[in-house]
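Participant: Input: one structure, supplied below.
We did not get these values from a lab; they are worked out from the coordinates using the rules stated. Treat the numbers as computed from the prediction; the structure is a model and nothing was measured. A quick note on method: Cβ atoms are made from the backbone with ideal geometry, for glycine too, and the neighbour counts reach across all protein chains shown.
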Amino acid sequence: MKKTGLDALIHPYSREDFLKLYAKNEPFLVQGNFEHTNILKELPFLKSLDDLLSMWPAQVQAHLPDLRDEASAIDTNTIHAKELFNEGLGLLFNEAQNLSPLLSDWIEEIKKDLGVSAMTYGRSLIYATPNGKGTAPHFDQNINFVLQIQGTKKWLMAPNEHVQNPLTRHTMGLDPDPEMMSYLESELPRAMPKNAKTYELKPGSLLFVPRGYWHSTKAEGDSLALNFTFTAPTWIDLFTAALRSRLAQSPEWRETADGVSDPERRKLAENRFNSLLSNLIDDLPSWRAEDILGATDPE
């Protein structure tokens, strides 16, 4: 077995073990000891928060106390970030792979092991959480692996029975975005569901957080965690990417959509659009999945 990427993160479990829970969109917890992820733990900027702040070249996101979440945050410099951390605010260091080619390599390895599209947006995040603090309940639209580097962090997690396969992130207590409102299956809760379970992460532990799964966190002691996060395209994204590519070959489809907001020309615009749609309907029966995937994800 290779000892990089997904295999290293979930050791001693196998990829097959992981994929069984991944297919059911369930969490996956490994209580590890850095045996196969030591190369990540030993990155210079993960030695301590002070080391990270001294090497960090960009802005830091600080989560404000009203929500303790990315939905209410400010960007700040590293000096002010340390002050805010000491005042109890959690910090997020985004796109950490820009600091290390090693992280970029792991992102690509994990992406391949997951079997997601080449169009997937992968990145590495570092979360610094003060003792007793954490994040508000929320769910993400992405796939997330959390490797605990320092401290202990407890995760309260529950399956999402209110919306399947969300397209955007949502923080509990806020209004969902208009698109999410259109496909909600039931009203979103204002508190964590009663069937929530607690997962305790100590240094070396790995937690897979499924897409759309409710979760909140709380640190016991100052915490530092490294995340690998993947925003993978849906079938919608693959189809619309292929559709745009196909239609872009047509000079008729590339025409300016004139007259759509002019009451006197609206009918002409509708007739022109219907003509284009009629031709597309005639073309669609010949489309096959292998053709679309051949364009977005060649074998």
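Participant: Relative contact order for segment 156-287 using alpha-carbon pairs under 8 Å, separation at least 6, rounded to a whole percent?
Facilitator: 24 percent
Participant: Counting other C-beta atoms within 10 Å, and keeping those with at most 10, which DSSP coil GluC sites (Glu not before Pro) do you find in segment 250-297? Mind dumping the intermediate values first?
Facilitator: Values: sites: GLU252, GLU255, GLU264, GLU270, GLU290; in loops: GLU252, GLU255, GLU264.
Qualifying residues, ordered by number: GLU252, GLU255, GLU264.
Participant: Taking neighbour counts of Cβ atoms within 10 Å as a proxy for exposure, in what order, fewest first, do HIS215, HIS138 appear?
Facilitator: Ascending Cβ contact count within 10 Å gives the list HIS138, HIS215.
Participant: Sort out for me the Cα centre separation of segment 189-234 from segment 88-116, rounded to whole Å.
Facilitator: So the two Cα centres are separated by 16 Å.
Participant: Take the Cβ-Cβ distance between ILE74 and MET119 as r, set R0 to 30 Å, and report the resulting FRET efficiency rounded to the nearest 0.05.
Facilitator: Efficiency, rounded to the nearest 0.05: 0.45.
Participant: Each residue of segment 124-135 in order: what ³J(HN,Hα) in whole Hz does its phi give by Karplus 6.51 cos²θ - 1.76 cosθ + 1.60, θ = phi - 60°, with x for Gly and Pro?
Facilitator: Computed from phi, the couplings for segment 124-135 are 10, 10, 10, 10, 10, 10, x, 3, x, 9, x, 10 Hz.
Participant: Now, a different point. So what's the net charge close to LEU156: Lys and Arg +1, Asp and Glu -1, counting the other residues with Cβ under 12 Å from its Cβ?
Facilitator: Charge balance in the 12 Å sphere: +4.
Participant: Under 14 Å from the Cβ of GLU200, count the other residues' Cβ atoms, weight Lys and Arg +1, Asp and Glu -1, and hand me the total.
Facilitator: So the surrounding residues net to +4.
Participant: Arrange VAL163, VAL260 by Cβ neighbour counts within 10 Å, fewest through most, would you?
Facilitator: If I rank by nearby Cβ atoms, fewest first, I get VAL260, VAL163.
Participant: Next up: Given labels modelled 7 Å from the Cα in the Cβ direction, how far is it in nm from ARG244 to GLN31?
Facilitator: Reported label-point gap for ARG244 and GLN31 is 4.7 nm.
Participant: Still on this structure, I have one more. Too long at a 30 Å Cα-Cα cut-off: which of LYS20/LYS82; LYS24/LYS111; LYS24/LYS112; LYS47/LYS194; LYS111/LYS202; LYS24/LYS47? Can you show the working numbers first?
Facilitator: Working: LYS20/LYS82 41 Å; LYS24/LYS111 18 Å; LYS24/LYS112 19 Å; LYS47/LYS194 37 Å; LYS111/LYS202 25 Å; LYS24/LYS47 35 Å.
Check vs 30 Å cut-off fails for LYS20/LYS82; LYS47/LYS194; LYS24/LYS47.
Participant: If you average the C-alpha positions of segment 33-74 and of segment 247-299 separately, how far apart do those two centres end up, in angstrom?
Facilitator: 46 Å
Participant: Still on this model: Quote the FRET efficiency, to the nearest 0.05, computed for GLU16 versus TRP287 with a Förster distance R0 of 22 Å and r equal to the Cβ-Cβ distance.
Facilitator: For GLU16 and TRP287, the calculated efficiency is 0.10.
Participant: For every other residue with a beta carbon closer than 13 angstrom to the beta carbon of THR76, add +1 if it is Lys or Arg and -1 if Asp or Glu, then tell me the sum.
Facilitator: Working: positive: LYS82; negative: ASP75, GLU83, GLU87.
Taking every Cβ under 13 Å from that of THR76, the sum is -2.
Participant: So if we plug the beta-carbon distance of ASN38 and LYS194 into 1/(1 + (r/R0)^6) with R0 = 45 Å, what FRET efficiency do we get, rounded to 0.05? Could the numbers behind the result be given before it?
Facilitator: Values: r = 39 Å, r/R0 = 0.86.
Computed FRET efficiency for ASN38 and LYS194: 0.70.
Participant: Please give the calculated 222 nm ellipticity per residue for the chain, where each DSSP H segment of at least 4 residues contributes -39500 (n - 2.57) and the sum is spread over every residue; nearest 500 deg cm²/dmol? The partial results should precede the final answer.
Facilitator: On the way: 10 runs with 94 residues, N = 299.
Estimated from H runs of four or more residues: -9000 deg cm²/dmol.
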